[in-house]
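Structure first, commentary second.
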Amino acid sequence: MSVIRVALVDDQALFRAGIRMLVSSQADLECVGEAGDGAEAISMVAETRPDVVLMDLRMPVMDGIEATRAILAGRDAQLPRVIVLTTFDLDEAAARAIRAGASGFVLKDADPEFLLAAIRTVHSGTSVIAAAATRELFEHFGSAPRAQPDSFETLTAREREIFVLAARGLSNAEIAKAEFLSEATVKTHVSRVLTKLGLRDRVQLVVYAYENGLA
C-alpha cells in the first residue's frame, strides 16, 4: 500500500497535535513534518518532501499564501499538493492562496473524515471535491456580466461549454453525461481549457470563472 506523506503548517501547536494524531491514525497516511510559520514551512517541505501540505493561512513571520507560492514555485517535478486551512468560509485569503497554486481549502472545523478524504482526493490529482467547496466560497464575487478576459476568447464554443460546467463543480463523468460525450473526450477538453487559460487545475478554473463573472 502506498503511503501518503503529509506535512502540517500551523502556528497553533495544539491544533497541529490534533491533526497529527488524526493523520497518524490512518494506515495510508504518514505525518512527516511540522512547521509553525510559513518560513519554517518552506525549509521543512524541502527537507521532508511531503505529498500533501496542510497549510494555515494566518501565521507570523510569513503567512500561508506566500509560503504556498514559494513552495509551488520550485522546479522539482514532484511538488506537493497544498490544501489551505481556513477559519472562515468566505475568505479572500483562501482565494489568494488558490491563485498561488493551492489545490483547495478545508475549514478548520470540518469533519475529520472530510479532511482525510480531502487529503486523499487531492493527492490523487482530483480537485472536484475542493472545486465544489470553492464554488460556494466565491459566490460573493457575484455573477454580473463583465468584459471577458482575452485568454477566454481563445476557447472554442465547445470548450466554453465545458468550462462553464466545470466551473459549477461538475465532475468529468457528469459533464460527459450532460454533453453526450465520453469521459476521455471531456478530460481532453478540460486539459485544453486549463492550458489556454494558464490555469493549474480545476480549482483555479473555478476561481477564474467567478472572478471574471463567467460562471
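The values are calculated or read from the model by the stated rules, or taken from the named source; none is laboratory data. If you're wondering where the values come from, they're calculated on a predicted model, not measured in any experiment. Note: ideal-geometry Cβ built from the backbone for every residue, glycine included; neighbour counts use all protein chains shown. For accessibility, only protein heavy atoms count, side chains too; no ligands or nucleic acids. Shrake-Rupley method; radii C 1.70, N 1.55, O 1.52, S 1.80 Å.
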| task | Specify which of the listed residues (Arg69, Arg81, Arg96, Arg58) is at pLDDT 75 or above, open to solvent by 90 Å² or more (accessible area, probe 1.4 Å) and under 12 Å from the mean Cα position of the chain (by Cα). | result | Arg96
| query | Restricting the search to the range 169-191, which residues are under 20 Å from Val207 (Cα atoms) and surrounded by fewer than 16 Cβ atoms within 10 Å (Cβ to Cβ)? | reply | Lys187, Ser191
| query | In the range 131-142, is there at least one residue being at pLDDT 55 or above, closer than 21 Å to Lys187 by Cβ and crowded, with 18+ Cβ neighbours inside 10 Å? | reply | no
| task | Determine the pairs where a residue that is in contact (Cβ under 8 Å) with a residue 24 or more places away in the chain, located within the range 95-114, has a partner that is open to solvent by 10 Å² or more (accessible area, probe 1.4 Å) and among the β-branched types (Val, Ile, Thr) with Cβ atoms under 6 Å apart, the partner being 6 or more residues away or on another chain. | result | Lys108/Thr87
| said: Tally up the residues in the range 170-215 that are in a loop (DSSP other than H, G, I, E, B) and either polar (S, T, N, Q) or more than 25 Å from Phe105 (Cα to Cα) (or both), please. | reply: 5
